[in-house]
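Structure incoming, see below.
The values are calculated or read from the model by the stated rules, or taken from the named source; none is laboratory data. Nothing here was measured: the structure is a model prediction, and the numbers come from that model. Every residue, glycine as well, gets a Cβ built from its backbone with ideal geometry; the counts of neighbours run over all protein chains shown. All accessible areas refer to the heavy atoms of the entire protein, side chains included, with ligands and DNA or RNA removed. Shrake-Rupley method; radii C 1.70, N 1.55, O 1.52, S 1.80 Å.
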Amino acid sequence: MSVRHQARTGAPCPGRYGRVIVLYGGNSAEREVSLVSGAAVLAALQRGGVDARGYDLAAGGLSGLEALAPDRVFIALHGRGGEDGTVQGALELLGVPYTGSGVLASALGMDKQRTKQLWRAVGLPTPESITLGPDSDWDAVVTQLGLPLIVKPVHEGSTLGISIVHDRQALEAAFGEAARFDAAVMAERYIQGDEYTVSLLGDRTLPAIRVEVPGGFYDYQAKYHSDATRYHLPCGLNEADERTLGELCRDAFRAIGGRGWGRVDVMRDARGRFWLLEVNTVPGMTDHSLVPQSAAHAGIDFDDLVLRILDTALES
């Protein structure tokens, strides 16, 4: 019998949510960010009177989670093991409703190359990319994608292991850096222009953010630690272009089967064309994170945002 259906005589279950477990931590390369996200979510739920407690999946695994007998789970696990469909599948088997996308969308969203292949198949614009390996013909890669180009791990987030390659000599080293994080590595055509991110909450598209980084590269340091990174809200697009951007991101999210909440990252080239980069099915919830900023601009404070995300937990 699943933990959701087990009788728990006398167990406290205030409000409509019952017992909520915030999953964070884990063993991915994004563990530290996940711990911060999870702590912020947990504090918000507790401020709202929800019977919530946090659980580091690395501490006791699934058996420890099951022992907590959750009614719902708020997934704040970033990276592999939490964002790639793994824990979503486990919760499906346990019969516990959880926040965010299901197994398939989570797995696709974590695989940048297959996400892009799907987007191209349905006619959505995304930069050309190819898979790299130790025996890749580096000259052919440069010929096909041009310079500069981007090299990144296929199954990693938070820009970990990503490099901008400006010359042929740096390409093999960039592959080696990405391969430190993932056995699967890809190269992508570089789009010169402005970077935007669009958050989705249920059926709603939140205001777009234009990200401006003094160094020109929105890497891990710029995302989580730098105070020099600028987040433009409003993003500076005219109403028609922002609507086009929002519709594109909604279509991209739906194409992979995303639901609940998420974020899509986009570049706009010099001709004004938008290019889809990747999708995030468990976005960050730190004080530097983009979804809370976009929600706040739409009049949704952090505590309300967390509750709205929790409302999307699957009732399977």
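Name the single residue, out of those in region 43-71 being in contact with a strand residue (DSSP E or B) (Cβ under 7 Å, 6 or more places away or on another chain), under 16 Å from Leu307 (Cβ atoms) and in a helix (DSSP H, G or I), that is least open to solvent (accessible area, probe 1.4 Å).
Filtering region 43-71 for residues that are in contact with a strand residue (DSSP E or B) (Cβ under 7 Å, 6 or more places away or on another chain), under 16 Å from Leu307 (Cβ atoms) and in a helix (DSSP H, G or I), the one least open to solvent (accessible area, probe 1.4 Å) comes out as Leu45.
Filter region 131-178 down to the residues that are in a helix (DSSP H, G or I), modelled with pLDDT under 95 and closer than 28 Å to Ala105 by Cβ and list them by number.
Ala178
Across region 277-316, which residue is farthest from Pro127 (Cα to Cα) among those that are part of a helix (DSSP H, G or I) and among the small types (Gly, Ala, Ser)?
Residues of region 277-316 that are part of a helix (DSSP H, G or I), as a first pass: 290-297, 302-311.
Now drop any that are not among the small types (Gly, Ala, Ser), which leaves 294-296.
Values: Ser294: 25, Ala295: 28, Ala296: 31 Å.
Among residues in region 277-316 that are part of a helix (DSSP H, G or I) and among the small types (Gly, Ala, Ser), the one farthest from Pro127 (Cα to Cα) is Ala296.
Here's another thing I want to ask about it. Scan region 94-104 residue by residue and report those that are in contact (Cβ under 8 Å) with a residue 40 or more places away in the chain and either open to solvent by 20 Å² or more (accessible area, probe 1.4 Å) or in a strand (DSSP E or B) (or both). If you could, list the steps in order and put the result at the bottom.
The first filter runs over region 94-104 and keeps only residues in contact (Cβ under 8 Å) with a residue 40 or more places away in the chain, leaving 94-102, 104.
Result: Leu94, Tyr98, Leu104.
Gly61 - would you say it is over 23 Å from Phe302 (Cα atoms) and not aliphatic (A, V, I, L, M)?
On the way: over 23 Å from Phe302 (Cα atoms): yes; not aliphatic (A, V, I, L, M): yes.
In short, yes.
Could you figure out which of (1) touching a Leu at 6+ places or on another chain (Cβ under 7 Å); (2) within 18 Å of Glu83 (Cα to Cα) isn't true of Gln293?
Condition (2) is where Gln293 drops out.
Return the pairs, sorted by first residue and then second, in which the second residue is open to solvent by less than 30 Å² (accessible area, probe 1.4 Å), the first residue lies in region 125-152 and is of a type in the set (Phe, Trp, Tyr), the beta carbons are less than 9 Å apart, and the residues are 6+ apart or on different chains.
Sorted first by the residue in region 125-152, then by its partner, the pairs are Trp138/Leu132; Trp138/Leu171; Trp138/Phe175.
Somewhere in region 79-86, is a residue in a loop (DSSP other than H, G, I, E, B), touching an Asp or Glu at 6+ places or on another chain (Cβ under 7 Å) and closer than 21 Å to Phe181 by Cα?
Among the residues of region 79-86, at least one is in a loop (DSSP other than H, G, I, E, B), touching an Asp or Glu at 6+ places or on another chain (Cβ under 7 Å) and closer than 21 Å to Phe181 by Cα, which makes the answer yes.
Moving to a separate point now. State whether one or more residues within region 222-242 are assigned to a helix (DSSP H, G or I), open to solvent by 40 Å² or more (accessible area, probe 1.4 Å) and at pLDDT below 95. Explain how you work it out, then say what you get.
So in region 222-242, the residues assigned to a helix (DSSP H, G or I) come out as 222-224, 239-242.
Applying the additional criterion that residues be open to solvent by 40 Å² or more (accessible area, probe 1.4 Å) yields 224, 239-242.
Narrowing the set further to residues that are at pLDDT below 95 leaves 224.
Yes, some residue in region 222-242 is assigned to a helix (DSSP H, G or I), open to solvent by 40 Å² or more (accessible area, probe 1.4 Å) and at pLDDT below 95.
Whether any residue in region 69-76 is acidic (Asp, Glu), more than 20 Å from Glu30 (Cα to Cα) and out of contact with any Asp or Glu (no Cβ under 9 Å at 6 or more places or on another chain) is what I want to check. First the steps, then the outcome.
Residues of region 69-76 acidic (Asp, Glu): 71.
Among the residues that remain, those that are also more than 20 Å from Glu30 (Cα to Cα) are: 71.
So of that shortlist, the ones also out of contact with any Asp or Glu (no Cβ under 9 Å at 6 or more places or on another chain) come out as none.
No, that holds for no residue.
Consider only pairs whose beta carbons are under 7 Å apart and that are at least six residues apart or on different chains; among these, list those whose first residue lies in region 247-262 and is buried (at least 23 other Cβ atoms within 10 Å of the Cβ) and whose second residue is of a type in the set (Phe, Trp, Tyr).
Ala252/Trp119; Gly262/Phe253
Ok, one more. Applying the selection to region 250-276, what residues are assigned to a loop (DSSP other than H, G, I, E, B), under 13 Å from the mean Cα position of the chain (by Cα) and basic (Lys, Arg)?
Of everything in region 250-276, just one residue is assigned to a loop (DSSP other than H, G, I, E, B), under 13 Å from the mean Cα position of the chain (by Cα) and basic (Lys, Arg), namely Arg259.
Out of Val306, Val282, I need the residue that is surrounded by 19 or more Cβ atoms within 10 Å (Cβ to Cβ), of a type outside the set (S, T, N, Q) and farther than 24 Å from Lys112 by Cα. Which one?
Values: Val282 fails: farther than 24 Å from Lys112 by Cα.
Criteria check complete, one pass: Val306.
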